[in-house]
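All remarks here apply to the structure that follows.
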Amino acid sequence: MMDISLCLKRPSRMGDSKRMRMTSNFQWLLLTVLLLYLMNQVNSQKRRTPRDLKCITNNLQVWDCSWRAPSGAGHGAAYEVCFENGSHSCYRLEKNVKIPALLPGDHEITINPLHDFGSFISKFTLNEKNVSFIPDVPEILDLSADFSTSTLHLKWNDKGSVFPHHSDVIWEIKVLRKKNMEIVKLVTHNTTLNGRDTIHHWSWTSDMPLECATHYVGIRCYIDDPQFSGRKEWSDWSPLKNISWSPDSQTKVFPQDRVLLVGSDITVCCVTQEEVLSAQIGSTYCPLIHLDGKNVAIKIRNISASESSGTNVVFSVEDNMFGTVIFAGYPPDIPQKLNCETYDLKEIICTWNPGRPTFLVGPRNTSYTLFESFSGKYVRFKRVELPTNESYQLFFQMLPNQEIYNFTLNARNPLGQSESTLLVNITEKVHPHIPTSIKVKDISSTAVTLSWHLPGSFAKIKLLCQIEINKTNSVHELRNVTMKGIENSSYLAAVDKLNPYTIYTFRIRCCTDPFWKWSKWSNEKQYLTTEAIPSKGPDTWREWSSDGKNLIIYWKPLPINEANGKILSYNVSCSSDEETQSLSEIPDPQHKAEIQLDKSDYIISVVAKNSVGSSPPSKIASMEIPNDDLKIEQAVGMGNGILLTWNYDPNVTCDYVIKWCNSSRSEPCLMDWKKVPSNSTETVIESDQFRPGVRYNFFVYGCRNQGYQLLRSIIGYVEELAPVVAPNFTVEDTSADSILVKWEEIPVEELRGFLRGYLFYFEKGERDTSKMRVLESGRSDIKVKNITDISQKTLRIADLQGKTSYHLVLRAYTDGGMGPEKSMFVVTKENSVALIIAILIPVAVAVIVGVVTSILCYRKREWETALLKHWK
Amino acid sequence: MSRREGSLEDPQADSSISPLPHLESKIQQTHSLARLLTKYAEQLLQEYVQHQGDPFGLPGFSPPRLPVADLSAPAPGHAGLPVPERLRLDEAALAALPPLLDVVRRRQAELNPRALRLLRRLEDAARQARALGAAVEAVLAALGAETRGPRPEPNAIAAATVTAGVFPAKVLGLRVCGLYREWVSRTEADLGQLAPGGPA
């Protein structure tokens, strides 16, 4: 506070000292009265001097000082104000004084009321610390609104040129809404004064569309000058400026067609002169918030993603509806799996996945721009509506002599943007087109030239192409061909090591070096290679006719890989030392010829011919090499074939031939034959003609100098079955205790396997009682005999009872199973010795009993006679 | 001309006059076409509503019947007019509908670009309205009745129906689809008056 010292303008009036020295009581009383008087005078003087000096500044350059006027000073009283600030300055003025800002420190200020003789001079000590700094009221230069984004834009001047120092400024801005001035925003905004007038901007986006209600804005400031040591205060608020909407006839609901982030809150209002009855978002009704007049709003919180056509918000009045549509979605996701490659080194194709769906379509859909930073070129994605999981693609024309591309893919929609980058050496990302126009041209019967078209400008790189070669019933083969890329897109490759007269299917795919991706396989191209002469003579055999006069020559058609073309005919010749007989041009498919020959040694020669030429001849001697040591063996197969084995014979030099036929067929018997190499000792004979239960004859021949010797003769079955008939049997003889049975062999066709034995069952039984009973070996009253000696054809059953009926059953069996049974009843003859014994034994017993009885009776009478004699 | 008009005003009274076979056939064909399009128009309306989101299609949702440039719903007194006059009104309405349907289709292509069936139906509807209009015009010509005057420019109609917001556009589309259904149905009924065996 200011220190105030007062001095009287006029000299003080002295009391009468003589009277002061009167009696002490009186003196004290007098002194008291005097003191009270003096105090009253002092207070009176205070009231009659300027007081309560206050200084404020609004620019730190000028202090505006004011004071309370002395009591009694009239309106328009003048003062002389003097102060020291390096020099002595005095001002004459009425009430307050604007003085230049004083230097720091205390300054004495005297205020002398002029023309008022009852007033006193006031002296004040003024320091900057006692000065208040209250900035001028800020002036709003402009308040504007962007209704489409509900944003207010405020513009004001900081008037910084007024202030001598750089200072921090705090601006406080308030936004009020509706006519009742609800404060909806109070915000501080910091700037710095830099000695110049500066225009400042502040923008604020309202949560409620600006059309819904009038919005007011005011501003004040606080300047924090670091060099000013006095009290700093806020300025007064500026006058309020407002923004209001002039309703048009069409739009009643705000905001219109707003795009929002999913999960946001939004206020939607209806500006109307009619009473709004209800409001709904989609099918959900919302509580109304009443605004000025009949305007209403609804608050939508945490909005869900919209469907394609947006989310409808509808306000209903009595006879009308007003609405808007909100599009709630997401900003574009970072483009995923961005990949750039080229098919032809002319054009780059970049593909990507859009990632999370934005739920925004049509004009709000994500737009993509592919920017290449080295060239500065870019392409834009033309809007198409793709299914959400489908990848997008853009084409970028390649630039001459540029191999490295730095792509940035920018995704943008009304809610935001994202980007993905890719640096790529395009020569390493070549994914060639599918090869087309495949053509095949002959070089020879085993080689062709393939040509194809592969669009692209590959002159600077190498191509690797893969040719797939497919042959019927054969594993496909892949061959790689490396070639230098060319500009004109036509490529050639030779393919050799093919088979003559064979249908091949070719297809081609290509990649570049270094490898990135294979092209798709081309369409298949089928081609038949040209014919060559048959590589081998036919597989040949011969048989003598049953009368031994003719030699029948058989041969097999050549397999396709040996025929090397279409076989047109065969030539057969029989040569001996003396003569040669020939049969020419036997047309295919005849594979048999008959020539009348004597039993001399002939060499039979068979040649196959196609359009190109003849095969080497197949030769075979007409006569067999005899073999006296030949046994007939048995073999049983595995159902679909039969395994034949033989011992290694070093004399066999050419090959082995196994010939087979059905054993029931008449001679010459030949179903088929098979050649196996001379180093083999076994083979499996398989044929579709083989049937289970059928007996076959197999003959193993060994070849020496084109002549064949029969080495083994085997009868066999590929599979044995049970006999289909029972052996016929008869009773040859019966006695009182035995029966002799005899049976016949079963024919081979009905046996259906190798005979392993017979089972003979017998039991006591009458025809009528036992005919329904099944004879089973498990029953104790049935006797069974297993006859494993298959040469045995009779059986005597002994230890039977005489004159008894027996049931006899016979069946044959093979390894394939038990055959059916055949049965009969036989009665044994009567036993005469037993009959005689049966008569004699009772007679003999009766005689013995009679004799013994007679003896005993005689002895008894003798004893009684003797006893009587004694008594007597 | 006047005799024919008179006969059309009262088809029952005209039963003694044998209409030309080709006229009968033309009326029959046009009537069949109108009947078919009535069914299609109903399907279009349902499909349209289905794609606009709630509350479109909900019970109680009845947006105002916006005025549409150069086209209004059949007047209540339409049925009382002479048949040629009715057919002239039908034909005029059918001529005004295609550009409106095109506007709706373009707007729907932005709002529902993946609703291919709706877009196809709108495209078909424009074409079918044109075809039915031409067929009605041909019937009128065959009857010797005057056809309507100069047609408004399609672009002018389209321009007059451009709406500012999406919601009004949806409502307009609903209105246009509704008008299409009403006029096709009306045309079917009016042709039914002429068709052999039709109501008197």
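The values are calculated or read from the model by the stated rules, or taken from the named source; none is laboratory data. Please read these numbers as outputs of a predicted model, since none were measured by experiment. No Cβ is skipped: glycine too gets one built from the backbone with ideal geometry, and neighbour counts run over all protein chains shown. Note: accessible area is taken over every heavy atom of the protein model, side chains too, but ligands, DNA and RNA are not part of it. Shrake-Rupley method; radii C 1.70, N 1.55, O 1.52, S 1.80 Å.
For chain A, carbon and sulfur atoms together expose 51% of the accessible surface, with a 1.4 angstrom probe and every protein chain in place. Taking each DSSP H run with n ≥ 4 as -39500 (n - 2.57) and averaging over every residue of chain A yields -3000 deg cm²/dmol at 222 nm.
Of all the Cα-Cα pairs you can form in region A:177-320, what percent are over 20 Å apart? Percentage above 20 Å: 59.
When a/c reaches 1.5 or more, the comparison of a/b and b/c decides; with that in mind, is region A:436-528 rounded, prolate or oblate per its Cα gyration tensor? Prolate is the answer for region A:436-528, as a/c is 1.5 or above and a/b outweighs b/c. The mean count of C-beta atoms from other chains within 10 Å of the C-beta of residues in A:307-320, rounded to a whole number, is 5. Overall, the ratio between the Cα radius of gyration of region A:539-617 and 2.2 N^0.38 Å, rounded to two decimals, is 1.12. Ordering A:Val725, A:Val852, A:Val217 by accessible surface, largest first, gives A:Val852, A:Val725, A:Val217; the 1.4 Å probe counts only protein heavy atoms, with every chain in place. Computed extension length for A:Lys619-A:Asp688: 22.1 nm, one decimal, from 0.36 nm per residue of separation with the Cα-Cα distance subtracted. Peptide B:107-115 has a mean of 6 when you count, residue by residue, the C-beta atoms of other protein chains within 10 Å of its C-beta. Note on A:His807: accessible area is roughly 10 Å² with a 1.4 Å probe, heavy atoms of protein only. Seen from all directions on average, region A:253-329 presents a Cα convex hull projection of 4.6 nm². Model label points for A:Lys829 and A:Leu856, set 7 angstrom from Cα along the Cα-to-Cβ axis, are 4.5 nm apart.
If the Kirkwood radius is taken over C-alpha pairs of the protein assembly as shown, then at 25 °C and 0.890 mPa s the Stokes-Einstein diffusion coefficient equals 52 µm²/s.
With the simple spin-label model, which puts each label point 7 Å out from Cα in the Cβ direction, the A:Ala459 to B:Ala141 separation comes to 6.3 nm.
The angle between the Cα long axis of helix A:832-871 and the longest principal axis of the Cα atoms of chain A comes to about 80 degrees, rounded to the nearest 10. Here the gap between A:Leu840 and A:Lys294, fully extended at 0.36 nm per residue and compared with their Cα-Cα distance, gives a gain of 181.6 nm.
Each Lys and Arg Cβ is given +1 and each Asp and Glu Cβ -1; about its Cα centre, chain A then shows a dipole of about 3940 debye. When the GluC sites (Glu not before Pro) in region A:548-592 are filtered for DSSP coil states and for at most 16 other beta-carbon atoms within 10 Å of their beta-carbon, the remaining sites are A:Glu578, A:Glu579. For GluC sites (Glu not before Pro), the sites in region A:314-353 that DSSP calls loop and that have at most 15 other Cβ atoms within 10 Å are A:Glu318. Once the dipole of chain A is set up with Lys and Arg at +1 and Asp and Glu at -1 on Cβ about the Cα centre, which of A:Pro435, A:Pro589, A:Gly819 lies farthest towards its positive end? Value: A:Pro435. To the nearest ten degrees, helix A:24-47 and the longest principal axis of the Cα atoms of chain A are 60 degrees apart. The accessible-area ordering, largest first, of the residues B:Lys26, A:Lys619, A:Lys803 stands as A:Lys803, A:Lys619, B:Lys26, per a 1.4 angstrom probe.
How many nm separate the modelled label positions at A:Asp601 and B:Asp124, each set 7 Å beyond the Cα in the direction of the Cβ? With each label point 7 Å from Cα toward Cβ, the separation is 9.3 nm.
With all protein chains in place and ligands, DNA and RNA left out, the 1.4 Å accessible area ranks A:Met623, A:Met638, A:Met181, A:Met483 as A:Met638, A:Met181, A:Met623, A:Met483, largest first.
Assuming R0 = 51 Å, can you tell me the calculated FRET efficiency for the pair A:Ile848 and A:Glu745, based on Cβ-Cβ distance, to the nearest 0.05? Computed FRET efficiency for A:Ile848 and A:Glu745 comes out at 0.25. Relative contact order of region A:139-243: 33 percent, from C-alpha pairs under 8 Å at least 6 residues apart in sequence. Given their separation in residues at 0.36 nm each and the Cα-Cα distance between them, A:Ser148 and A:Ser666 gain 175.5 nm when the chain is fully extended.
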